[in-house]
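No lab work stands behind these numbers, since they all come straight from the coordinates. Computed from a predicted model, the values in this text were never measured in an experiment. Because the Cβ atoms are built from the backbone with ideal geometry, glycine has one as well, and the counts that use them run over all protein chains shown.
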Amino acid sequence: MIDLRSDTITKPTEGMRKAMYDAEVGDDVYYEDPTVNRLQERVADLLGKQSAIWVSSGTMGNLLSVKALTLPGDEIILEADSHIVYYEGGGTPMFCGVQMRMIPGERGVMTPMQVEHAVRGTGNAHFPRTSLVCIENTHNRMNGAIQPLDDITGIRKVCDEKGLAMHMDGARLMNASVASGISPGEYAKYFETVTICFSKGLGAPMGSMVAGSEETMHTVHRYRKLVGGGQRQVGVAAAAALYALDHHVERLREDHENARRLALALADMKGVGIDPDDIDTNIVYFDVTDTGKTALDVVVEMANQGVMMLPLGDMSVRCVTHLGVDTKDIDTAINAFAEVFGR
Ligand SMILES: Cc1ncc(COP(=O)(O)O)c(C=O)c1O
């Protein structure tokens, strides 16, 4: 099967498994895992932050970041289709006691003016306190869209004026960086906290990291223990993440090229709704409304031809490229699509 459901389905390569086998380990709850410590220093450096801390998942990283930067009763501003809103089980309001103000962005991008208008005024007892803006880079539900730096800096200006913090869900920040040529540190410098994930395009089996100031990471560390996220000889996983940073960053370009190749081919197929110019990185959504089929029809017919993908909504299908598929696989998928849709 060619599996285009997600970039999270990748399996560790032989080199990565060897790095995991060879990893020096210790008890990370006592700060004694040398491989985790090495990874934390490396990621803090990469993101230009004082400190970084290992967490088991992107969801945990987002949750602990929001918790560290807010108080119960606060309101936080997020793009309406963001992962925190859509796919994190309502954990943010439940665990942090905050309410979410959801702003519909253009391809997942909120403008500084939208954010400014959403911030609650102070001095009115009816209003919650706005304390945080979260930005997702790249944006999962919006074709892996890259957040333009101009919007980020504009929103930072609003946040400075209003006294708000900023968190970046950078699960796929390395995709954004490779595609845009903007360094991870340049993106990160506008945010109090930044997460990155190793288990997506980078191809590791698990693990994410939160980076920020020493003080904020102390708070994140405490909350990590509180949610049961303190792990012990987790250097075996950190070794995979280090390997991924050494070997799997530059190759993200191949995933982006494969996604574009797929999008260009889909744009030529009967009734398929897609604009290839909307594909910034490795995530490809297309609409099947005018094909006479539902998303589920398409997914089943493609699975019968050996290609797996996800229906997202009744009429939308998602394909994601990753290190487990090469250009030949994409061409095989394109031929299967041609059978399903006709050219
Ligand atoms: C943008 C984004 N943020 C956060 C997450 C959550 O990561 P995890 O599945 O490791 O909890 C994902 C997962 O796909 C994601 O796409």
Only helices (runs of 4 or more DSSP H) wholly contained in segment 77-145 count here; list those with 3 or more residues that are under 20 Å from the mean Cα position of the chain (by Cα) and in contact (Cβ under 8 Å) with a residue 24 or more places away in the chain. 83-86
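Can you tell which of Ile103, Ile84 is out of contact with any Pro (no Cβ under 9 Å at 6 or more places or on another chain), closer than 30 Å to Asn258 by Cβ and among the β-branched types (Val, Ile, Thr)?
Ile84
Within segment 174-199, track down each residue that is assigned to a loop (DSSP other than H, G, I, E, B) and touching a His at 6+ places or on another chain (Cβ under 8 Å).
Initially, segment 174-199 is screened for residues assigned to a loop (DSSP other than H, G, I, E, B), giving 181-183, 189-192, 198-199.
Within segment 174-199, Phe191, Glu192 meet the criteria.
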Residue pairs within 8 Å by beta carbon, gap of at least six or interchain, first lying in segment 154-182 and at positive phi, second assigned to a helix (DSSP H, G or I) and of a type in the set (Ser, Thr, Tyr), listed first then second, are none
Does Val317 meet the test of being outside any helix (DSSP H, G or I) and within 29 Å of Glu14 (Cβ to Cβ)? no
What number of residues within segment 11-42 are part of a loop (DSSP other than H, G, I, E, B) and in contact with a strand residue (DSSP E or B) (Cβ under 9 Å, 6 or more places away or on another chain)? 1
Of the conditions (1) within 16 Å of the ligand (Cβ to nearest atom); (2) closer than 25 Å to Glu161 by Cβ; (3) aliphatic (A, V, I, L, M); (4) surrounded by fewer than 19 Cβ atoms within 10 Å (Cβ to Cβ), Ala125 clears all except one; give me its number. (1)
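Given the residues Glu14, Glu79, Glu41, which is the only one that is out of contact with any Ser or Thr (no Cβ under 7 Å at 6 or more places or on another chain) and within 14 Å of the ligand (Cβ to nearest atom)? It would help to see each step written out before you state the result.
On the way: Glu14 fails: within 14 Å of the ligand (Cβ to nearest atom); Glu41 fails: within 14 Å of the ligand (Cβ to nearest atom).
Answer to the selection: Glu79.
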Matching residues, segment 142-174, being surrounded by fewer than 23 Cβ atoms within 10 Å (Cβ to Cβ) and either of a type in the set (S, T, N, Q) or within 11 Å of the ligand (Cβ to nearest atom) (or both): Met142, Thr153
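Identify all residues within segment 255-284 that are closer than 13 Å to Asn175 by Cα and either surrounded by fewer than 18 Cβ atoms within 10 Å (Cβ to Cβ) or among the basic types (Lys, Arg) (or both); write none if there are none.
First, pick out the residues of segment 255-284 that are closer than 13 Å to Asn175 by Cα: 255-257, 259, 279-283.
Within segment 255-284, Glu257 is the sole residue that qualifies.
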Leading residue by the ranking (nearest to the ligand (Cβ to nearest atom)) among those in segment 191-250 that are touching a residue at least 12 places away in the same chain (Cβ under 8 Å) and among the basic types (Lys, Arg): Lys200
Quick count over segment 6-36, residues being surrounded by fewer than 17 Cβ atoms within 10 Å (Cβ to Cβ) and over 15 Å from Pro205 (Cα atoms), is 8
